[in-house]
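Please treat every number below as a calculation from the coordinates, not as lab data. Since the structure is predicted, the reported quantities are computational estimates derived from the model, not experimental observations. Counting neighbours? That spans all protein chains shown, and the Cβs are built from the backbone with ideal geometry, glycine included.
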Amino acid sequence: MKKKASRAFGLSLIEVLVTVCLLSILFTGAYGLAGTKKKAMRRIKENNMAMYALESLRNRILADVMRDFTFDVKKAELYIKDMYLPFTVTAETVVPSEFRDGRKILRLKMKVPTTNDAIGRIYVREVVLP
Amino acid sequence: MKKIGFTLIELMIVVAVLGITCTYFIAPINQLHHWLKTDDAEMVRQQKLTEAFMLVRTAFYDSSFVEITGPDELKLSGGKWRRILRLKSGEGIRVETAGGGRQVVFDGAMRFSAFQFLDAKTVWCQTQIDSARLPMVWRCGK
C-alpha cells in the first residue's frame with residue numbers, strides 16, 4: 001500500500017516574511033493617510049485663526065479710519081501687539097498704480113512658518129484706505 | 001520523509017524580523033491610535049469655529065448698525081434684522097433672523113467675553129481660540 005505524503009505543518013519562512021512585508025506596507029499606507037489628515041487639520045486650524053485674526057484687525061482699523069479718516073501703520077502694529085497669536089502678523093501700506101486719487105491699500109499678512117511636516121503659508125487680507 | 005516545522009535558524013530569523021518590525025512600528029502605531037481618536041473631535045470643533053465665523057460675519061455684513069441690548073445680546077439693524085446671543089458664558093453663539101435661528105456651541109475650541117461697544121457700527125469681545133487670545137472686533141457693512 002502506498003503511503004500518502006504528509007503535508008508540512010505550519011508556514012514556511014518565505015510565507016511568514018511575505019506576511020510581515022505586507023503588513024508593513026499596509027501599516028505604512030495607513031500611517032501616511034493619518035499623517036495627511038493631521039496636516040489637513042492643522043491647516044484648517046490655521047485657516048480659522050487667520051480668518052478671525054485678520055477680520056478683527058481689518059474691522060478695528062476700519063473703525064479707526066472711519067472715525068477720523070486717518071491711518072497710521074504704527075497704530076496697526078500696536079493693534080497687532082494687542083493680540084496673542086502663535087504666528088507673526090505684519091501690516092504694510094501699498095499704493096497700487098491704478099489708484100490715482102491718493103487712496104492706499106493696507107495689506108495685513110499672517111505668516112505661518114515652515115515646520116518639519118508642513119510648508120509655510122502667508123494669509124493676506126487687504127483693506128482699501130480712504 | 002518530509003521535515004515538519006521550522007528549523008532553529010528559521011525561527012530565529014522570524015523572531016528577529018518581527019522584533020525589528022515591532023521596534024520600528026510600536027511608536028507610530030501608538031501615535032496613529034491617538035490621532036484617530038482625537039482628530040475627529042478636533043475636526044468637528046474646527047468646523048464649528050468656521051461655521052460661527054461665517055454666521056456672525058454674514059450677520060454684520062448684512063446690517064448697518066449694532067446695538068448692545070443686554071449683557072449677552074446684540075441687535076443688528078439697518079439691513080436685515082438679526083439678533084446675536086452669547087450662550088453658555090461665551091462657549092456658544094446663536095444668530096437669530098426673522099425666519100428662525102442657528103446656534104453653534106464650540107465644545108471648548110473658542111470662548112469669548114461679553115460684547116463691548118466701540119461705535120454705532122462696531123463692537124468687540126475678548127476671544128480665546130486655542131492658545132491665541134485676541135480682541136475680536138466685529139463691524140457692520142462690507
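The rows are residues; the columns are (1) free of Cβ contacts under 8 Å to residues at least 60 places away in the same chain; (2) away from chain B (no Cβ under 14 Å); (3) of a type in the set (S, T, N, Q).
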{"residue": "A:48", "(1), (2), (3)": "yes, no, yes"}
{"residue": "A:54", "(1), (2), (3)": "no, no, no"}
{"residue": "A:59", "(1), (2), (3)": "yes, no, yes"}
{"residue": "A:63", "(1), (2), (3)": "yes, no, no"}
{"residue": "A:68", "(1), (2), (3)": "yes, no, no"}
{"residue": "A:80", "(1), (2), (3)": "yes, no, no"}
{"residue": "A:87", "(1), (2), (3)": "yes, no, no"}
{"residue": "A:90", "(1), (2), (3)": "yes, yes, yes"}
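In the range A:93-126, which residues are over 27 Å from residue A:44 (Cβ atoms) and of a type in the set (Asp, Glu)?
If the condition is that a residue be over 27 Å from residue A:44 (Cβ atoms) and of a type in the set (Asp, Glu), then A:98, A:101 are the ones that fit.
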Filter pass, residue A:11 being within 11 Å of chain B (Cβ to nearest Cβ), closer than 30 Å to residue B:52 by Cα and either of a type in the set (Asp, Glu) or surrounded by 12 or more Cβ atoms within 10 Å (Cβ to Cβ) (or both): no
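Taking the range B:1-10 as the search range and keeping residues that are hydrophobic (A, V, I, L, M, F, W, C) and in a helix (DSSP H, G or I), which one is nearest to the other protein chains (Cβ to nearest Cβ)?
B:9
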- prompt: Which of the residues spanning the range B:85-119 are out of contact with any helix residue (DSSP H, G or I) (no Cβ under 9 Å at 6 or more places or on another chain), small (Gly, Ala, Ser) and surrounded by 13 or more Cβ atoms within 10 Å (Cβ to Cβ)?
  reply: B:90, B:101
query: Among the listed residues A:76, A:50, A:91, which satisfies the condition of being surrounded by 14 or more Cβ atoms within 10 Å (Cβ to Cβ), closer than 18 Å to residue B:122 by Cα and not aromatic (Phe, Trp, Tyr)?
result: A:76
message: Given the criteria exposed (fewer than 11 other Cβ atoms within 10 Å of the Cβ) and either within 14 Å of another protein chain (Cβ to nearest Cβ) or within 21 Å of residue B:28 (Cα to Cα) (or both), does residue A:22 qualify?
response: yes
query: With respect to residue A:123, is the statement that it is touching a Leu at 6+ places or on another chain (Cβ under 8 Å), without any contact (Cβ under 8 Å) to a residue 40 or more places away in the chain, within 18 Å of residue B:130 (Cβ to Cβ) and not aliphatic (A, V, I, L, M) true?
result: no
field: Single unsatisfied condition, residue A:21 versus (1) outside any helix (DSSP H, G or I); (2) closer than 30 Å to residue B:9 by Cβ
entry: (1)
query: Based on what the data block shows, is residue A:109 farther than 25 Å from residue B:121 by Cβ and either basic (Lys, Arg) or within 14 Å of chain B (Cβ to nearest Cβ) (or both)?
result: yes
task: Being within 22 Å of residue B:131 (Cβ to Cβ) and more than 8 Å from every other protein chain (Cβ to nearest Cβ) is the filter; apply it to the range B:32-46 and report the residue that is farthest from the chain's Cα centre (by Cα).
output: B:34
query: Among the residues of the range B:11-31, is any away from every other protein chain (no Cβ under 14 Å) and over 16 Å from the mean Cα position of the chain (by Cα)?
result: no
task: Assess whether residue A:97 counts as being within 26 Å of residue B:58 (Cβ to Cβ) and of a type in the set (S, T, N, Q).
output: no
